[in-house]
Amino acid sequence: MTETVLIFLAGAGGAAAIKLLDNVIQYVLQRRAKKQDNGEREKTELEIQVDSIRQCLMVSMLDRIQYLCRCYIRDGSISIEDRRRLHQMHKGYKAVGGNGDLDDLLAQVEELPLKLD
């Protein structure tokens, strides 16, 4: 009799473990399907790294452009070459996702008189 009970309990435990595994698999599949329905997908490790590099580049460029603009404003003038380079940096900043944070500062630099080298 105890052998029969033991076999019954082992079978019930195995069935419970299989059902738990089935529920976990179903949950993962439903979650993945929902993301695909929403147009989302999981990013690859490379995509995550590229996004991180882009974010770092954007912040570095923001800081550098702000610094240069403030220096030119403090100096009261800017050379044609420096202004051209500043616009190239700003174009690159916008290309990596930068917003309009620098537009007002660049407008002030545009009003500066040009200095002759």
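Values quoted throughout were computed directly from the atomic coordinates according to the rules given, and no laboratory measurement underlies them. Keep in mind that what you see is a predicted model, and the values were worked out from it rather than measured. Neighbour counts run over all protein chains shown; Cβ positions are idealised from the backbone, glycine included.
Descriptive notes on the structure:
- Point-to-point label distance, LYS94-ASP22, nm (Cα→Cβ direction, 7 Å offset): 5.9 nm
- Helix 80-95 axis versus longest C-alpha principal axis of the chain: approximately 20°, rounded to the nearest ten.
- For region 44-117, the Cα gyration tensor yields ellipsoid semi-axes of 29, 10, 9 Å (square root of five times each eigenvalue, largest first, whole Å).
- The loop-placed trypsin sites (Lys or Arg not before Pro) in region 12-109, going by DSSP, that have at most 14 neighbouring Cβ atoms within 10 Å of their Cβ come out as ARG41, LYS43.
- Of all lysines in the structure, those lying under 24 Å Cα to Cα from LYS34, and not within fewer than 8 positions of it along the same chain, are LYS19, LYS43.
- Added length on full extension, which subtracts the Cα-Cα distance from 0.36 nm per residue, CYS56 to ASP75: 4.0 nm
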